[in-house]
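Enquirer: Please see the structure below; I have some questions.
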Amino acid sequence: MAPDFSLPTDTGETLSLKELRGRKVVLYAYPAAMTPGCTKQACDFRDSLASLQAAGYEVVGISPDKPVKLAQFRERDALTFPLVSDQDKSVLTAYGAYGEKQLYGKTVTGVIRSTFVLDEDGRVERALYNVKATGHVAKLRKDLGLA
């Protein structure tokens, strides 16, 4: 089962994973709002949202950014799906999306760019770690049979 959460969103509300039961969910973890790679990935999800939703998927982005920064990100890039804030990184850690990673040849601790596909019952169907910011959404759509 996917680790449950209730986290603040970019709109100041709280989003609980339980609220999305009955729908498939693409939960993607990214390191930092408004950085080049994270912006590219978020815009790719935004541009693919209609086809994902038509196939029954909801998209949710998760990062350790504060809700106010997420709101700026949403506004700046016209993002049309919820962004949730995990400032203490407990949810990211529960999903295995926070820990040691390689960054420019050095081992650092941080958010591991990851995507999780959850079924209608809240089970993890796919867990993809160390995904690329560019091209990942297209590959995910292909893997889900939506390309």
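Quick note: the coordinates plus some simple rules give every number you see, no bench work behind them. A quick note: this is a predicted structure, and the numbers were derived from the prediction, not measured. Note: ideal-geometry Cβ built from the backbone for every residue, glycine included; neighbour counts use all protein chains shown.
Enquirer: Which whole-Hz ³J(HN,Hα) couplings does segment 11-21 yield from phi under the Karplus relation 6.51 cos²θ - 1.76 cosθ + 1.60, θ = phi - 60°, glycine and proline marked x?
Expert: Ordered by residue, 3J(HN,Hα) equals 9, x, 8, 10, 10, 10, 4, 4, 4, 9, 4 Hz.
Enquirer: Between beta-carbons, use under 10 Å as the cut-off and find the net charge around Pro8, counting Lys and Arg +1, Asp and Glu -1. Walk me through the intermediate numbers first.
Expert: On the way: positive: Lys66; negative: Asp10, Glu13, Asp86.
Cβ neighbours under 10 Å give a net charge of -2.
Enquirer: Just flag the trypsin sites (Lys or Arg not before Pro) in segment 1-97 sitting in loop per DSSP whose Cβ has no more than 14 other Cβ atoms within 10 Å.
Expert: Working: sites: Lys18, Arg21, Arg23, Lys24, Lys40, Arg46, Lys69, Arg74, Arg76, Lys89; in loops: Arg21, Arg23, Lys89.
The qualifying sites are Arg21, Arg23.
Enquirer: Hey, what do the phi angles of segment 33-43 turn into as Karplus ³J(HN,Hα) couplings, whole Hz, using 6.51/-1.76/1.60 and θ = phi - 60°, x for Gly and Pro?
Expert: So the Karplus estimates, Gly and Pro as x, are 4, 6, 8, x, x, 5, 5, 4, 5, 4, 5 Hz.
Enquirer: Using alpha carbon centroids, what distance separates segment 55-77 and segment 118-147, in Å?
Expert: 17 Å
Enquirer: Positive end of the charge dipole of segment 23-143 (Lys, Arg +1 and Asp, Glu -1 on Cβ, about the Cα centre): tell me which of Ala78, His136, Gly61 has its Cα farthest that way.
Expert: Of the candidates, His136 comes out farthest on the positive side.
Enquirer: Assigning unit charges at the beta carbon (Lys, Arg +1; Asp, Glu -1) and nothing else, what dipole magnitude in debye, to the nearest 20, does the chain show about its Cα centre?
Expert: Values: 20 positive and 18 negative charges, 99 e Å.
Roughly 480 debye, rounded to the nearest 20.
Enquirer: A further question follows. Give the Cα extents of segment 23-143 along the principal axes, in whole Å, largest first.
Expert: 40, 31, 25
Enquirer: In whole Hz and in residue order, list the ³J(HN,Hα) couplings for segment 103-110 that follow from phi through the Karplus curve 6.51 cos²θ - 1.76 cosθ + 1.60, θ = phi - 60°; x for Gly and Pro.
Expert: Calculated HN-Hα couplings, in order: 9, 6, x, 10, 8, 10, 9, x Hz.
Enquirer: Please report the spacing between the Cα centers of segment 35-54 and segment 82-99 in Å, no decimals.
Expert: 19 Å
Enquirer: Turning to a different aspect of this structure: Calculate I(q)/I(0) for segment 1-68 by the Debye formula, one identical point scatterer on each C-alpha and no solvent, and give its log10 at q = 0.22 Å⁻¹ to two decimals.
Expert: -1.11
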